[in-house]
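K.L.:
First the structure, then my questions, so here it is.
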Amino acid sequence: MSQMTPQQTAQGYTPPSVRQFSVFLENKVGRLLDLVRVFDEAPDVHLCGLSVLESSDHAVVRLIPSAGDAAQRVLRDHGVTFAVLDLLVVELHEGQTISGMCLCLLGAELNIRFAYPLLLAAAGSPTIALAVDDHILAGQILRNKNFRLLGEHDLL
């Protein structure tokens with residue numbers, strides 16, 4: 001039996017993924033600024049994705065940094081509690097739509113837990129972060145349907 005490369009699974013492919021950091025914040029004026037400002041001191045980390053889910057007294061901020069390990073160090077150094085989740089980042093090229101992407105995942109009965117756009121000037125095409133039930137299977141399906149998947153190294 002041949003040896004598998006790091007990008008392969010028994011099914012043939014492990015998609016690239018990025019790390020999302022979720023931070024629970026008190027819903028007060030200036031708290032989001034306080035959070036994102038900690039990255040100003042880290043020139044090797046750029047925020048490529050930001051999503052805020054708020055309620056009356058708190059918010060959950062989802063961040064996608066360009067360098068996950070460095071971002072983790074920055075957050076820990078500033079005493080920020082966070083959770084980490086692997087996400088897929090899908091680049092939509094001409095002729096590809098969000099509905100088409102969703103249809104591909106529906107065909108495999110994969111649930112999209114949440115999604116939000118990213119700020120990637122280098123990509124040149126719309127990009128979307130996806131949290132799905134099984135990111136490896138979802139990545140395999142999307143790759144087979146000619147969607148381009150981005151990894152952390154593509155976020156710069």
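The values are calculated or read from the model by the stated rules, or taken from the named source; none is laboratory data. On a predicted model such as this, the values are computed, not experimentally measured, just so you know. Cβ coordinates were reconstructed from backbone atoms using ideal geometry, including for glycine residues, and neighbour counts include every protein chain displayed.
K.L.:
Scan His93, His58 and give me the residue that is modelled with pLDDT under 95, surrounded by fewer than 17 Cβ atoms within 10 Å (Cβ to Cβ) and in the same structural domain as Val23 (by TED's automatic domain parsing).
P.N.:
The match here is His58.
K.L.:
Looking at region 62-88, I want the residues that are farther than 17 Å from Leu155 by Cβ and have a partner that is in a strand (DSSP E or B) and not hydrophobic (A, V, I, L, M, F, W, C) with Cβ atoms under 7 Å, at least 6 apart or on another chain. Which pairs are those?
P.N.:
Listed pairs, sorted by first residue: Phe82/Ser22; Ala83/Ser22.
K.L.:
Mind checking which pairs have a first residue in region 113-127 that is not assigned by TED's automatic domain parsing to the domain that holds Pro65 and part of a strand (DSSP E or B) and a second that is modelled with pLDDT under 95 and loosely packed, with under 13 Cβ neighbours inside 10 Å, Cβ under 8 Å, 6 or more apart or different chains?
P.N.:
none
K.L.:
For residues that are under 30 Å from Ser56 (Cβ atoms) and of a type in the set (Val, Ile, Thr), scanning just region 9-35, find the one that is modelled with the highest pLDDT.
P.N.:
Val23
K.L.:
Would you pick out the residues in region 106-156 that are of a type in the set (Phe, Trp, Tyr), crowded, with 16+ Cβ neighbours inside 10 Å and under 11 Å from the mean Cα position of the chain (by Cα)?
P.N.:
Listed by number, the list holds a single entry, Tyr116.
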